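As structure tokens, the structure follows; a few thoughts come after it.
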Amino acid sequence: MLGTFAGAMPLLGAATSLFGADNPRRKRLGVCSYSYNIHWKAARDGHPKVRFKDTIEFLEYCHELGAGGVQIGVGSKDTDYPKKLRAKAEAYEMYFEGQSGLPQQSSDVDRFDAEIQAAREAGAGVVRTAMLGGRRYETFDSAEAFRRFAEKSWQSLTLAEPILKKHRVRLAIENHKDRRMPEMLDLLKRISSEYVGVCVDVGNNIALLEEPLGVVEALAPFAFSTHLKDMAVQEHEEGFLLSEVPLGEGFLDLRKMVAVLQKANPTIQFNLEMITRDPLKIPCLTPKYWATMENAPATQLAVALAMVRRNAAKKPLPHTSGLDLDRQIELEDENVKASFAYARRNLGL
């Protein structure tokens, strides 16, 4: 692992020289589009109270919040849209990070190429992606099924890398409850590209029984972007419950995490991912959960459950079920605004 870290440092140095020097201005917290999942669904359904319906309107709303930037797909197929988006972001002195799905096969490369080009035209030097849309322990029933996914996602990455190099855009792969930290490090070492790194989600790997600060420290040398969040936990009969909560209301050492990531990559941006939803069930005491975790040491379960008990939330975890849509939209916005207030007061963002 130490050798992996050492190998990462030249790549990070090259990325810094290629993509810009440190910005001396104080960083401002940005917003990942998933912080407003409820709002986006309401917009698609034509809800009358939505505040934005496309990427530029989302950027404008985040500007009103005081955000430093956004992480979202360009969205529109209009050839002039990326330039309009870039002009708006530059006028607000905000950054733009894109989002795109990896090409699934050779016939999908043109789609990926077009999305990366549009993101670049919109001003993005970083595009976030995820290799698995779901969660490892829910999606796969066997170790063999997970191995097939791992190989397919590797093939997708090899199709994507030349496109990234052509457009000089960095791909930030989120640790999306799919690969455990050693598996992600192996993937990055295998591709060994200055254009491929990580969107470090500071809370996701709790679902894979990994200690969150340790994951951040391990992935930091490869970090191109972030999903900043706080997490709350409680025991459950099948394992434990995991819930995003406004920054400062969970148990993560956010100050330490921000410092570690900032030191590893001074150009990194911090994107809030405050997902307002019911708690996730992490069924780590069921056989299916372990079907794809054959290489995880048994001691990891004991350590994870001890972490849950030590940090168990004193009050019920937040829920959206049972709330009407108007209240869900309001709650989502309240959670984002509370997170921004905490970040300004306590994280220097």
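Here are the numbers for the structure shown:
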item	result
Only Lys, Arg (+1) and Asp, Glu (-1) charged, at Cβ; the chain dipole about Cα centre in debye	680
Around ARG135: net Lys/Arg minus Asp/Glu count, Cβ-Cβ under 12 Å	+3
Inter-site label distance for LYS314 and GLU90 at 7 Å from Cα along Cβ, in nm	5.1
Residues of the chain: accessible area per residue with a 1.4 Å probe, Å²	43
Residue with peak Gaussian network fluctuation, the chain [Cα springs, cutoff 10 Å], from LYS315, LYS263, LYS41	LYS315
Cα gyration tensor shape for segment 185-302, rounded if a/c is under 1.5, else prolate or oblate	oblate
Accessible surface of the chain [probe 1.4 Å, protein heavy atoms]: carbon and sulfur percent	52
Subset of LYS27/LYS256; LYS27/LYS229; LYS152/LYS189; LYS88/LYS229; LYS41/LYS152; LYS53/LYS177 violating a 20 Å alpha-carbon distance limit	LYS88/LYS229; LYS41/LYS152; LYS53/LYS177
Ranked by how many other beta carbons lie within 10 Å on average, peptides 190-200, 333-343 from highest	190-200, 333-343
Debye, to nearest 20: dipole size of segment 190-349, +1 on Lys, Arg Cβ, -1 on Asp, Glu Cβ	500
Tail fraction, Cα-Cα pairs, the chain, threshold 36 Å, whole percent	17
Descending semi-axes in whole angstrom, ellipsoid equivalent of segment 261-315, from the Cα gyration tensor	28, 19, 14
Rounded if a/c under 1.5, otherwise prolate or oblate - segment 268-349, Cα gyration tensor axes	prolate
Only Lys, Arg (+1) and Asp, Glu (-1) charged, at Cβ; segment 165-276 dipole about Cα centre in debye	940
Pairwise label distance in nanometres, ARG344 with LYS189, each label 7 Å out on the Cα-Cβ vector	4.4
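The values are calculated or read from the model by the stated rules, or taken from the named source; none is laboratory data. These figures come from a predicted structure and were not determined experimentally. No Cβ is skipped: glycine too gets one built from the backbone with ideal geometry, and neighbour counts run over all protein chains shown. Only protein heavy atoms, including side chains, enter the accessible area calculation; ligands, DNA and RNA are left aside. Shrake-Rupley method; radii C 1.70, N 1.55, O 1.52, S 1.80 Å.
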